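FYI, it's all coordinate maths here, none of it is from the lab. None of the values given here were measured: they were computed from a predicted structure. Counting neighbours? That spans all protein chains shown, and the Cβs are built from the backbone with ideal geometry, glycine included.
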Amino acid sequence: MEIKKVGVIGAGQMGSGIAEVAVASGFNVLMRDVSQDAVEKGRMRIITDLDRRVQKGKMTAEEKEETIQRLSITVKMEDFRDCDFIIEAAVENIPLKWEIFKKLEEVAGPKTILASNTSSISITRIASVTRKPDRVIGMHFFNPAPVMKLIEIIRGLVTSDETFQITKELSLKLGKTPLEANDFPGFISSRLIFSYMNEAVYALYEGLGKAEDIDAIMKMGANHPMGPLELADFVGLDTFLSVMSVLQEGFGDKYRPCPLLLKYVDAGYLGVKTGRGFYHYGGKR
């Protein structure tokens, strides 16, 4: 099966990043969001990033224009009829993902592969609302998608070998490194990374140190490029809480989100995207 056109559901930070990767790799891409304003913002995010590439000499102005010509945007699910491979990049909410996958199955062709960029929700669970769960797979990109090389690929219980192989080949064509994880909540990456971040929030909550010191100790002591609280702000504390809730549901109180995380989300302190999380932006507390 040859992939010619890739669909992306969601034009936020992850969705637009995935769309940028695909369109820059030579694929025709259709990106969709719930409103024209949201999808236009996603398109401008891609154009701005491509402009930076031109400024840095990583692509020519002509190549940038050719790349943009391969990108289309829409607010209609029906427009995905001619996509060969569709990647859902909506928020970590299972009822929403079920709604999206049921609609996609109605409009997509019989051989179209439906992938989810979920970072925590079981692919088997997502696929359970479809009539062809063998065509559903997890394709977990990492943020920022144009930079990070890893794609975590997750088979659902009945994902076919063909679907897995096509997804792996597509990942390679996108210039990424595909690695397989088994279908448990959080897979490998999120189960480890989000637990680490949650423990850092507990360290702050229990007064082990200030946010700056906790992050500095892990950057200098473990040679991490970013501290756990900085990373949480970058991911988004609402997303962080959603993932921890999925892990807690799947594995019990070992993964209970820290009360301080719940308090910050209730206050609207969601990290970089709102200008306040464990730090103030710009200007750390």
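One table, with the values for the structure above:
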| read-out | value |
| --- | --- |
| Subset of LYS56/LYS103; LYS58/LYS132; LYS103/LYS273; LYS58/LYS219 violating a 31 Å alpha-carbon distance limit | LYS56/LYS103; LYS58/LYS132 |
| If the convex hull is drawn through the Cα atoms of region 190-274, its volume per residue in Å³ | 89 |
| Cα Rg over Rh - region 145-185, Kirkwood | 0.99 |
| Positive-end extreme of charge dipole, region 136-285 - chosen from LEU192, HIS140, ALA232 (charges on Cβ) | ALA232 |
| Angle in degrees between helix 189-205 and the longest Cα principal axis of the chain, rounded to the nearest 10 | 30 |
| Neighbourhood net charge (12 Å Cβ-Cβ; Lys/Arg +1, Asp/Glu -1) for ILE151 | +1 |
| P(r) tail fraction, region 1-144 - alpha-carbon pairs more than 19 Å apart, % | 49 |
| Estimated vicinal HN-Hα couplings, Hz - region 252-259 in sequence order (Karplus 6.51, -1.76, 1.60; Gly, Pro = x) | x, 5, 4, 10, 5, x, 4, x |
| log₁₀ of I(q)/I(0) at q = 0.14, 0.23, 0.27, 0.28 Å⁻¹ - region 23-91, Debye sum with one point per alpha carbon | -0.46, -1.06, -1.26, -1.30 |
| Among PRO110, PRO225, PRO185, residue whose mean-square fluctuation peaks in a GNM of the chain (springs only between Cα atoms under 10 Å) | PRO225 |
| Under 12 Å, Cβ to Cβ, from GLU99 - net charge with Lys/Arg +1 and Asp/Glu -1 | 0 |
| Nearby aspartates and glutamates by direct alpha-carbon distance to LYS102 (threshold 13 angstrom, same-chain neighbours under 8 apart not counted) | GLU78, GLU88 |
| Degrees, to the nearest 10: 94-107 long Cα axis against longest axis of the chain | 10 |
| Rough spin-label spacing in nm, given labels placed 7 Å along Cα→Cβ, for ASN223 and SER128 | 4.3 |
| Point-to-point label distance, TYR196-VAL75, nm (Cα→Cβ direction, 7 Å offset) | 4.0 |
| Signed unit charges on C-beta, dipole axis of the chain, positive-most listed residue THR112, GLY17, SER35 | GLY17 |
| Region 98-162, dipole about Cα centre (Lys/Arg Cβ +1, Asp/Glu Cβ -1), debye to the nearest 20 | 60 |
| Where labels lie 7 Å past Cα in the beta-carbon direction, separation of GLU65 and SER25 in nm | 2.7 |
| GNM flexibility winner over the chain from ARG53, ARG125, ARG32 (Cα, springs under 10 Å) | ARG53 |
| Dipole moment magnitude, nearest 20 debye, the chain about Cα centre, only Lys, Arg, Asp, Glu C-beta charged | 180 |
| Exceeding the 28 Å Cα-Cα cut-off - candidates LYS41/LYS173; LYS64/LYS97; LYS41/LYS210 | LYS64/LYS97; LYS41/LYS210 |
| GluC sites (Glu not before Pro) restricted to DSSP loop in region 191-227 with at most 13 other C-beta within 10 Å | GLU206 |
| Mean separation of Cα contacts under 8 Å, 6 or more apart, over the residue count of region 1-64: relative contact order % | 31 |
| Whole-number percent relative contact order across region 5-181, with pairs defined as alpha carbons under 8 Å at least 6 apart | 20 |
| Most fluctuating residue given options VAL136, VAL54, VAL201, as computed from a GNM of the chain linking Cα atoms under 10 Å | VAL54 |
| log₁₀ of I(q)/I(0) at q = 0.11, 0.12 Å⁻¹ - the chain, Debye sum with one point per alpha carbon | -0.66, -0.78 |
